[in-house]
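Structure first, then comments.
The values are calculated or read from the model by the stated rules, or taken from the named source; none is laboratory data. Nothing here was measured: the structure is a model prediction, and the numbers come from that model. Here Cβ is always computed from backbone atoms with ideal geometry, including for glycine, and neighbour counts include all displayed protein chains.
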Amino acid sequence: MEVIGLRSVWSTLFLAQGYIACYIRRVIGLTKPVERVLFFGIDGATWTNLAPLADRGEMPTLHKLMATGAWGVLDSTIPALTPPAWTSLITGANPGKHGIYHFRHTPPGDYFQRRLNTSRDIHGPTIWQRLNQYGKRVGVINVPLSHPVYPVDGFMTSDAFSPDTSGVKTYPPELAASEFKDYIVDVANYPGALPGSVRYAREMLAFIEENKRVLVSQTDTALRLMRSQQWQFFMVAWMATDRLGHYCWKYSDPALEQSLVTDEQKRLGARCRKVYRQIDSQIARLLEAAGNDCLTVIASDHGFGPSPSAFFHMNRWLLERGFLKLLPRWHWKRASLGYLPRSLQSRLGAPIDAKFALVDWQRTRVWADPLEARATAIRINRVGRYPQGIVTESESEPLLTQLANELSELKTPDGRKVVAAIHRGDTLFHGPHAVTAPDLVVILEKRFDVPPNFRRDVRANKLVVPNRQVLRDGGHEPEGIFLLHGPNIRPAGRLPAQPIVSIAPTILAAMGLPIGDDIDGKPVTAAFTSEFLNSCPPRRESEPSGAVVSTPSSQPEYSNEDSAKIEERLRKLGYLD
Ligand SMILES: [Zn+2]
């Protein structure tokens, strides 16, 4: 007991010494942590196109920030999907801790994705909730999974994945009416006409234009709030790069400019680059309003790249190998819910995924849940974990080894490798929500994608089929971006890639605040000046007492109708079947 007591006295003294040194240097003006942070969240932004656009003068503000700040690749979550990636970015924790693996929510012990995830499903504090604990006022605009909004010291808005995007919801609620009059939540009209058709160019130009309008309206509002509200942390997330990435990748990447040959293609390319120039000038507007004493953070949840040219049908492979079994063709379950239209299924409260009516769980050992970004989750039907589990604990490990071996050897009929990487769920994910984690996350080679539709996946007559989706030509890649600029940040230029969980602790360190023990990431110390690191070295600390602000339980869950509305939009982006 005495030893433990002495240890805690010493560690308290050690911590106090850190605080005192930091305080003295601040008082005598040697160096001090930043008082304010301006955070640009740019969904799906990637250096693949931003760096060349900055280099050739089309994004001058970004070019300046890159030349005088520290930047690099931000490695997304595995898989590189918007909900887990943003949640890891704003919490500094892995999905095993924060509980968000996908757009859709699978309860523990359930086979099915029952509903969409919301802000209420995020376990653990966000960076703005942590900052609130230290008395910092925050403003948070449009960050994915912010619906329903909840009380913060400052303000926050709902996001583009809210059921009703015709208007924004805010905390405090009255702010929506006074400050968000011209605010547009998201694009409402997605192109539907295929390339080569008469309507294609018209719909694409309208879509690009609408993305620009959304961006400018959100910046106008941000600018107003930045001036009218007190804040120490201000964050705005823009979706334009993600929307353009999905529908206009070939028009957005300077490396593909040579492939734009027709007048129509060149025109679309020019319009897309105009949106990127707009992004640059919106960054400039907010930077100017924020002033020089502010730390600037730019980060994306994942990167982008061209869509793979083929689909690999993982569930068909599992079926062929005997791991997965389907119910007989005329089984009553298949004849009922599984064949109803999706919107009606949602209204009836059916699980979101279509495999409900197909899988014979009593004979299935393994199945694959398609994710995004060339990733699929492999799940073992374990006894005790699933209601109709058939694989015992002692059988699980040899089965996982067998699957990993077979998958890594997998080749297409013409001899091409299919799988790029296999990650074990128990190494990727840890924490109280690791119980719903996949057993394996399999990443396919760049040329292969995973079809989001389970029914099509098991019914495909070949393992590999060409990707005939020509309208959405871009998909997520794991390499997102980060950039740090401002007081105490050195002009380090390009740094090695950092994990997505490093951004939240970097913000805490820059503000001279302790980094909670529950944060998985480490601050990007290579970005800070040595003077700052000597004066105020980043320090770990267990959470201060007092509960973290949580979302109020009085907030309603999504209704089935709400869920159907969001699903419809996610389908347009290719995330759901
Ligand atoms: Zn995203």
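Of these, Tyr101, Tyr150, which one is of a type outside the set (Val, Ile, Thr) and within 16 Å of the ligand (Cβ to nearest atom)? Reasoning before the result, please.
Numbers: Tyr150 fails: within 16 Å of the ligand (Cβ to nearest atom).
One residue alone meets the criteria, Tyr101.
Could you run through segment 238-252 and say how many residues are farther than 16 Å from Gln278 by Cα and buried (at least 24 other Cβ atoms within 10 Å of the Cβ)?
Number satisfying all stated conditions: 1.
Just the residues that are within 25 Å of Asp186 (Cα to Cα) and touching a Lys or Arg at 6+ places or on another chain (Cβ under 6 Å), please, taken from segment 42-79.
Selection gives Glu58 alone.
Scan segment 278-301 residue by residue and report those that are part of a strand (DSSP E or B) and either away from the ligand (no atom under 16 Å from the Cβ) or under 18 Å from Tyr247 (Cα atoms) (or both). First the steps, then the outcome.
Keep residues of segment 278-301 that are part of a strand (DSSP E or B), which gives 294-299.
Result: Cys294, Leu295, Thr296, Val297.
Among all residue pairs at least 6 apart or on different chains, which show Cβ distances below 8 Å where the first residue, located in segment 302-318, is without any contact (Cβ under 8 Å) to a residue 60 or more places away in the chain and assigned to a loop (DSSP other than H, G, I, E, B) and the second is within 16 Å of the ligand (Cβ to nearest atom) and of a type outside the set (Gly, Ala, Ser)?
Once the first residue is without any contact (Cβ under 8 Å) to a residue 60 or more places away in the chain and assigned to a loop (DSSP other than H, G, I, E, B) and sits in segment 302-318, no partner that is within 16 Å of the ligand (Cβ to nearest atom) and of a type outside the set (Gly, Ala, Ser) comes close enough.
Do the conditions hold for Gly124, that is, is it more than 16 Å from the ligand (Cβ to nearest atom), at pLDDT 95 or above and out of contact with any Cys (no Cβ under 7 Å at 6 or more places or on another chain)? Talk me through it step by step, then tell me what you get.
Working: more than 16 Å from the ligand (Cβ to nearest atom): yes; at pLDDT 95 or above: no; out of contact with any Cys (no Cβ under 7 Å at 6 or more places or on another chain): yes.
It is false that Gly124 is more than 16 Å from the ligand (Cβ to nearest atom), at pLDDT 95 or above and out of contact with any Cys (no Cβ under 7 Å at 6 or more places or on another chain).
Just wondering, is there one or more residues in segment 204-226 that are more than 16 Å from the ligand (Cβ to nearest atom), at negative phi, touching a Ser or Thr at 6+ places or on another chain (Cβ under 8 Å) and in a helix (DSSP H, G or I)?
Within segment 204-226, not a single residue is more than 16 Å from the ligand (Cβ to nearest atom), at negative phi, touching a Ser or Thr at 6+ places or on another chain (Cβ under 8 Å) and in a helix (DSSP H, G or I).
So which residues in segment 241-260 are among the polar types (S, T, N, Q) and within 16 Å of the ligand (Cβ to nearest atom)?
Of all residues in segment 241-260, those among the polar types (S, T, N, Q) come to 241, 252, 258-259.
Scanning segment 241-260 gives Thr241, Ser252.
Test Trp238 against the criterion of being touching a residue at least 40 places away in the same chain (Cβ under 8 Å) and within 16 Å of the ligand (Cβ to nearest atom), and give yes or no.
Spelling it out, Trp238 is indeed touching a residue at least 40 places away in the same chain (Cβ under 8 Å) and within 16 Å of the ligand (Cβ to nearest atom).
Applying the selection to segment 281-330, what residues are surrounded by fewer than 19 Cβ atoms within 10 Å (Cβ to Cβ) and among the charged types (D, E, K, R)?
Arg285, Glu288, Asp293, Glu320, Arg321, Lys325, Arg329
Please give the helices (runs of 4 or more DSSP H) falling wholly within segment 416-522 in which 1 or more residues are within 17 Å of the chain's Cα centre (by Cα) and not assigned by TED's automatic domain parsing to the domain that holds Asp301.
Numbers: elements: 425-428, 454-459, 503-510.
The qualifying helices (runs of 4 or more DSSP H) are 425-428.
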